[in-house]
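The values are calculated or read from the model by the stated rules, or taken from the named source; none is laboratory data. Quick caveat: nothing in here was measured; it's all calculated off a predicted structure. Because the Cβ atoms are built from the backbone with ideal geometry, glycine has one as well, and the counts that use them run over all protein chains shown. What goes into the accessible areas is simple: the full protein's heavy atoms, side chains included, and nothing from ligands, DNA or RNA. Shrake-Rupley method; radii C 1.70, N 1.55, O 1.52, S 1.80 Å.
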Amino acid sequence: MIKIEDLHKSYVMGSNSLHVLKGIDFNVKEGELVSIMGSSGSGKSTLLNILGMLDEADEGSYVLDGVPIKNLNEKVAAQYRNKFLGFIFQSFNLINYKNAVDNVAMPLYYQGIKRKERMDKAMHYLEKVGLAQWATHLPSELSGGQKQRVAIARALASDPKVLLADEPTGALDTKTSYEVMELIQGINDEGKTILVVTHEPDIAEMTKRIVNLKDGRIIDDTVVKQVIAKSYV
Amino acid sequence: MFDLERWQEIFETLSKNKLQTFLTMVSVFSGVLILIILIGFSTGIQNGVRSEFEQDATNRISIRAGITTKEFKGLNPGRRIQLRNEDFAEINRKYEEDIEYKTGIYNIWGGQTTYGKESGNYRIEGAYPDQQFIENASMVTGRFISQDDMDESRKIVVIGNQVKKDLFKDKDPIGESVKIFGINFKVVGVYTDPGGEREETRLFLPLPTAQKVFFGGDRIRSMAYTVKMSDNFDEAVALSAALSENFETDLKSKYSVSPDDRSAFRVNNTLEEARKIYSLIDTISAVFWFIGLGTIIAGVVGVGNIMLIVVKERTKEIGVRKALGALPSSIVGMILQEAIFITAIAGFSGLFLGVIALNIASPLIDSDFIKFPRVDFATSITIVLIIIFAGALAGYFPARRAAHIKPIEALRDE
Ligand SMILES: Nc1ncnc2c1ncn2[C@@H]1O[C@H](COP(=O)(O)OP(=O)(O)OP(=O)(O)O)[C@@H](O)[C@H]1O
Ligand SMILES: [Mg+2]
């Protein structure tokens, strides 16, 4: 599903250049649930942003579901993001003046889907994350865990190939974090490929494979026995 | 444009920025309102002035004689110049090609006129048949003076509409006799004049009749002409000016008047005057447009500002939208539409209220120089286009900034 080879990325600030990713080779097969770990500043978010086509690598190749991702203009990148990827952010990034179901429907709007169908689909995903009865509530009326569920429903709405989650539990307490992980595990069980950036070992253990980054290199990549989040909830 | 969701979004964002939105709308609104009222009034001034000119033909030249004020060729100042039939005939011959209508006039002020028990004092003018066109008069009933009336010095009279109302009330005056200073004249026509009451309290007789009956001999008080109009207004003005000058020079040399004596002959060139006043009106209306557009520009800058603030506040949201697949063009469209919407709503309200205000004010204004202030359809359309263009302009810079927002930067958690 994801194939990257010898990926390099530097940030240039004035005369200084910060080499953040120093040659990453990394493959993800369909249906995997991978966590990316590493200390702060190791380049986890940078890697995820490149995978999410929000940023571009300086060197190396990236192939997503057989499509080479290279030199995309903004328009094509937007279309690919919409079609291939779902994003889950640490701070949820819901649109605060739109209610839950409207937030979930956003990616569908940009796919040009008609309003009625959009609402049906959005409701379906909202049900899936267990928030159907909160559909008309604004984000400000939801708890952190609920907001993240709405965000997950939104990421799922366009039925993307891959879900990219940057510290999805970073802003949540332990119990809520596990609930969110339970949801993510469930989605993965249905076959969706998911990448989760985290620095919490207990969260990482709930995935099927842990990739460790250090100073812009992968120092460890192991398949682990998945801890079922439900058992903690 | 007709996307319901888009509109919903616009209302949502605008209601989040109520105060700014309101203030901006007020400035666009008042800009358009001021523009409309100014344009309305400049149209009103135009109408007023035009109707002043329409009292008589606009290409009229009139000549009257007065008293010399300068010594010339041994003749003392203070000499009264008297125009005669012969002067009129000479000019007619010499400038036949450039003259359209012509009349010599012998007039009497305060001519006591009676019909039955009714009577009044009116201006009596002996004139040529052409006087009708020079005065821009049209017939209500009957006819104007004819060549036969002239040739036979008939005792007929054409009366103004006001005279008819005064003396005849509802009665048909045609064929009736009125007495002027005790002499009977047969009414053959009633005319109306765009100049209104003031111009309709006159009675026209054939010039030879007037000269005979009122002991005028071959004297005339004034002469009036109209210039042949060419299609080009400037050419017509030039011809009119040249003719006026020629008339004056000819008469001055004939009567031995100093070339720089300004009161011996008064030559009035309506076309030249019209041109001056019209160019003054053009200047006034240009100034009005300038002021109005200035206020609109101030409003537009306001809209641009609020949109910039909106874009800045929504940086994160725009980043999210882009991450979710929003094309740059859809972001630009959103901001532009918002700006056009605010400007248009405010602008149209201003337009609407301005037109209503003018409609209310119009009948209340009773001045010779401002008549029917209003904004015509073509001008309204122009203003509408200006408003829409202004809105687009106001949205352009914020929209460009929004389009350049990089999702990765917008989304970075602080
Ligand atoms: N746009 C940028 N310009 C300059 N430097 C950047 C930029 N983005 C990230 N960096 C730097 O690159 C390095 C890697 O950043 P990255 O966000 O990938 O780290 P991370 O592993 O996600 O860390 P954390 O766990 O704190 O989120 C950091 O040193 C960071 O300061
Ligand atoms: Mg990070």
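Mean separation of Cα pairs under 8 Å and 6 or more residues apart, divided by the residue count, gives the stretch A:2-231 a relative contact order of 29 percent. Per-residue mean of foreign Cβ neighbours for B:398-409 is 2 (Cβ atoms of other chains, 10 Å radius). Checking the cross-link pairs A:LYS147/B:LYS312; A:LYS83/B:LYS316; B:LYS164/B:LYS276; A:LYS3/A:LYS128; A:LYS83/A:LYS121 against a 26 Å limit on the alpha carbon distance flags B:LYS164/B:LYS276; A:LYS3/A:LYS128 as lying beyond it. The label-point distance for B:VAL287 and A:GLN79, in a model that sets each label 7 Å from Cα toward Cβ, rounds to 5.8 nm. Residues considered: B:ILE183, B:ILE342, B:ILE284. Largest GNM mean-square fluctuation over chain B, using C-alpha springs under 10 Å, is found at B:ILE183. Remark: chain B projects, on average over all directions, an area of 29.9 nm² (convex hull of Cα atoms).
Net charge dipole, the stretch A:2-231: roughly 660 debye, given to the nearest 20, about the Cα centre with Cβ charges of +1 for Lys and Arg and -1 for Asp and Glu.
Using the alpha-carbon atoms, what tilt in degrees (0 to 90, nearest 10) does helix B:328-364 show relative to the longest principal axis of chain B? The helix B:328-364 is inclined about 30 degrees to chain B. Tell me which aspartates and glutamates have Cα within less than 18 Å of A:LYS114's Cα, excluding those fewer than 8 residues away on the same chain? Candidates past the 8-residue exclusion: A:ASP102, A:ASP159, B:ASP3, B:GLU5, B:GLU9. Ordering B:ALA127, B:GLY78, B:ILE297 by the projection of their Cα atoms onto the charge dipole of chain B, which places +1 on the Cβ of Lys and Arg and -1 on the Cβ of Asp and Glu, puts B:ILE297 at the extreme positive end. B:SER330 contributes an accessible area of around 30 Å² to the protein surface, as traced by a 1.4 Å probe with all chains present.
With a 1.4 Å probe rolled over the protein heavy atoms of all chains, the accessible area of B:TRP109, B:TRP7 falls in the order B:TRP109, B:TRP7, largest first.
Mean-square fluctuations from a GNM of chain B, with a 10 angstrom spring cutoff on Cα atoms, peak among B:SER279, B:SER253, B:SER30 at B:SER253. Simple rule: put +1 on each Lys or Arg Cβ and -1 on each Asp or Glu Cβ in the protein assembly as shown, find the dipole, and look at A:LEU94, B:GLY104, B:VAL187; the Cα lying farthest toward the positive end is B:VAL187.
Averaged over the residues of A:90-99, the number of partner chain Cβ atoms lying within 10 Å of the residue Cβ comes to 4. Taking the helices alone, chain B has a mean residue ellipticity at 222 nm of -18500 deg cm²/dmol, built from -39,500 (n - 2.57) per DSSP H run of at least 4 residues and averaged over all its residues. Each Lys and Arg adds +1 at its Cβ and each Asp and Glu adds -1 at its Cβ; summed about the Cα centre, the protein assembly as shown shows a dipole of about 720 debye.
I want to verify the translational diffusion coefficient of the protein assembly as shown in µm²/s; compute it with Stokes-Einstein, Rh as the Kirkwood radius over Cα pairs, at 10 °C and 1.306 mPa s. The estimated diffusion coefficient comes to 49 µm²/s.
Starting with the highest mean, order B:13-20, B:320-327, B:293-300 by the number of other Cβ atoms within 10 Å, averaged over the residues of each peptide.
Details: B:13-20: 14.2, B:320-327: 24.4, B:293-300: 19.6.
Descending mean neighbour count gives B:320-327, B:293-300, B:13-20.
Accessible surface ranking for B:LYS155, B:LYS70, 1.4 angstrom probe, highest first: B:LYS155, B:LYS70. Look at the dipole of the stretch A:138-204 built from charges on Cβ: of A:ALA155, A:GLY144, A:THR174, the Cα furthest out on the positive end belongs to A:ALA155.
On C-alpha positions alone, give me the angle between the axis of helix B:85-94 and the longest principal axis of chain B, in degrees, nearest 10. Tilt relative to chain B: about 50 degrees. Per-residue surface analysis assigns B:ARG266 an accessible area of about 140 Å², computed on protein heavy atoms at 1.4 Å probe radius.
Between 0 and 90 degrees, the angle of helix B:270-313 with respect to the longest Cα principal axis of chain B falls at about 10 degrees.
Among B:403-410, A:129-136, the peptide with the highest mean count of other Cβ atoms within 10 Å heads the list, and the full ranking is B:403-410, A:129-136. B:PHE22 exposes around 120 Å² of accessible area when a 1.4 Å probe is run over every protein chain in place. Can you grab the distance from the C-alpha centre of the stretch B:185-252 to the C-alpha centre of the stretch B:23-81, Å, no decimals? For the stretch B:185-252 versus the stretch B:23-81, the Cα centre distance is 20 Å. When only alpha carbons are used to place a centre, the stretch A:124-163 and the stretch B:110-144 end up 91 Å from one another. Size descriptors for the stretch B:60-270: radius of gyration and Dmax over Cα atoms are 18.3, 59 Å. For the stretch B:233-337, a crude dipole built from +1 on the beta carbon of Lys and Arg and -1 on the beta carbon of Asp and Glu, taken about the Cα centre, is about 1000 debye to the nearest 20. Relative contact order of the stretch B:60-270: 34 percent, from C-alpha pairs under 8 Å at least 6 residues apart in sequence.
Checking an interface number: how much accessible area is buried between A and B, summed over both chains, with a 1.4 Å probe, in Å² rounded to 100? Rounded to the nearest hundred, the buried surface is 2400 Å².
In the elastic network of chain A, a GNM with C-alpha springs shorter than 10 Å, the most mobile of A:PRO139, A:PRO68, A:PRO160 is A:PRO68. Between the stretch B:359-414 and the stretch B:282-298, the C-alpha centres lie 14 angstrom from each other.
Average partner chain C-beta neighbours within 10 Å, per residue of B:312-320?
3
These residues, B:THR382, A:THR198, go from largest to smallest accessible area, 1.4 Å probe, as B:THR382, A:THR198.
Normalising the average separation of contacting C-alpha pairs (under 8 angstrom, six or more residues apart) by the number of residues puts the relative contact order of chain B at 28 percent.
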